[in-house]
Structure formats: structure tokens, C-alpha cells
Amino acid sequence: MVVIKIGGSLQSTSYIKKWIKEIKINRNESFLLVFGGGKYAKYVRNEQKIKNYNDAEAHKLAIDAMKKFTNENISYLKDFTFIDSFSYLKKNFQKRKLYVWLPSEYEVEQLNIPKNWDATSDSIALEISKKINAPLLVIKSIRFNKEKYINSFILKKGVLDNYFSNNYKNYDNRISIVGREKHYKLREICNYLLN
């Protein structure tokens, strides 16, 4: 299985459809999609500054933002099984099956990440990949010059959140970060992640 984090920056672009189409074509693997928070998470960040609510409340609202962005894409995900529990995967996992994670505060609580903006949906996807022992593919709206995608340049540029940048080296599985236009390379990326 490969965990694929679809960045919120892909919201309202045609790239989500393109990635989902590639995922369906590459059914020789199982995939678990995790959506970011998109414009809904940006709204939470702005509202927190205006209304001055605490980080724990913002964290909860950001999880809801991920759920909204996931639900926004339901029409493209008819071949996918929606899961709201990681234990479901352990009990019911099937090869060559497509899954989408429906975020919940309870499930994120099990991941033990900070309840502030140091840990966003990128870190949630990182911890999910650890929990289910799967490699991680993070799709971002940024261009990369290198084929192997984790490097200090990316970490310094704020492409990923602080928790991710500080903790990704502690994981046994491979991680790739790719630009949104690389959907046609999914098979090649999976070969790198799984071998």
C-alpha cells in the first residue's frame, strides 16, 4: 500500500482528477488517499487570528477542514472505499484496493502529533504512513528539480510543516514529494517507494 497525501493547494485545479485517474489505472497497488485542508484550512488560520481562539481549537477545525476537502471530491472517488478508522485497514485490508481516509478528531488524536500549526495535514499523512507501515507520496503545487524528493532545500523553503521536517528521518518507509504535474509518473514513483 502507498499513502498519497493530496495537498490542499490542488483544490479547484484539474490535477486532483488527473491523479485520481492515474491511481485507478495503477490498480496493481493499494492506495490510501489523505486530503489536505485546502481553502478551508486557510480560513481556519485567518479566523484564529481574528477571533483569537487557541491552537487546540484551531487544530480541531483544521481536521474538519480536511474532511470538507475530502467530501468535496466524493464524485471522483466512486471506486474508493471510505474509511474512518485505521483499525479497519488492519482487519479488512485487500490488495489492489483503493481507500480514502475520512478524517476525525478521534483518529488524529491516536497519532500523537502537536495540536498546533507545527503539524498540519502533511504530518498527519506522515504519521498515518507510519501507523499502517506504508510509504508516503506527498503531492504539492511546487516544481522540483530533483528525482529523489526529500532534501534540505525543500525543508528550508517551508514546503512541509515543522513537525514533518523535524521527524521524517525517523521513518523506515520511503517518502517522495512530487509536483502536482507529475501524475503521469505514478508507476515510476511507486516503484521507487516500494523497492
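Placing unit charges on the Cβ atoms only, positive for Lys and Arg and negative for Asp and Glu, gives the stretch 2-180 a dipole magnitude near 740 debye about its Cα centre.
When Lys and Arg each count +1 and Asp and Glu each count -1, what net charge do the other residues less than 13 Å away from Ala58, Cβ to Cβ, add up to?
Values: positive: Lys42, Arg45, Lys49, Lys51, Lys60, Lys115; negative: Glu47, Asp55, Glu57, Asp64, Glu105, Asp118.
Counting the neighbours of Ala58, the net charge comes to 0.
Checked against a 20 Å cut-off, the cross-linked pairs Lys5/Lys131; Lys18/Lys42; Lys42/Lys185; Lys5/Lys78; Lys67/Lys140; Lys49/Lys115 give Cα-Cα distances beyond that limit for Lys18/Lys42; Lys42/Lys185. With just the Cα atoms defining each centre, how far is the stretch 104-120 from the stretch 1-59? Give it in Å. Their Cα centres are 15 Å away from one another.
Against the chain, whose longest principal axis comes from its Cα atoms, helix 55-72 is set at around 40 degrees. Here Lys95 is the anchor, and the lysines within straight C-alpha reach of less than 16 Å, apart from those fewer than 8 places off in the same chain, are Lys24.
Is the shape of the stretch 96-142 best called rounded, prolate or oblate, per the rule: a/c under 1.5 gives rounded, else a/b larger than b/c gives prolate, else oblate, with a ≥ b ≥ c the square roots of the Cα gyration tensor eigenvalues? List each step's numbers first, then the result.
Values: a/c = 1.73, a/b = 1.20, b/c = 1.44.
Oblate, because a/c is 1.5 or more while a/b does not exceed b/c.
Simple rule: put +1 on each Lys or Arg Cβ and -1 on each Asp or Glu Cβ in the chain, find the dipole, and look at Ala134, Tyr99, Ile23; the Cα lying farthest toward the positive end is Ile23.
Which net charge results for the neighbourhood of Tyr163, defined as the other residues with beta-carbon distances under 10 angstrom from its beta-carbon, given Lys and Arg at +1 and Asp and Glu at -1? All intermediate terms of the calculation are to be shown ahead of the outcome.
Working: positive: none; negative: Asp118, Asp122, Glu127, Asp161.
Around Tyr163, the surrounding residues sum to -4.
Of all aspartates and glutamates in the structure, those lying under 17 Å Cα to Cα from Lys91, and not within fewer than 8 positions of it along the same chain, are Glu107. Straight-distance candidates among the aspartates and glutamates for linking to Lys130, with alpha-carbon spacing under 13 Å and chain neighbours fewer than 8 residues away dropped: Asp122, Asp172. Taking a Cβ cut-off of under 11 Å around Tyr40, the surrounding Lys, Arg, Asp and Glu residues balance to a net charge of +2, with basic ones at +1 and acidic ones at -1.
Segment Glu188..Asp172, full-extension length gain: 3.8 nm, with 0.36 nm per residue of separation and the alpha-carbon distance subtracted.
Each value in this text was obtained by applying a stated rule to the coordinates, not by laboratory testing. This is a predicted model, so every value here is computed, not measured. Glycine gets a Cβ as well: all are built from the backbone with ideal geometry, and neighbour counts include every protein chain shown.
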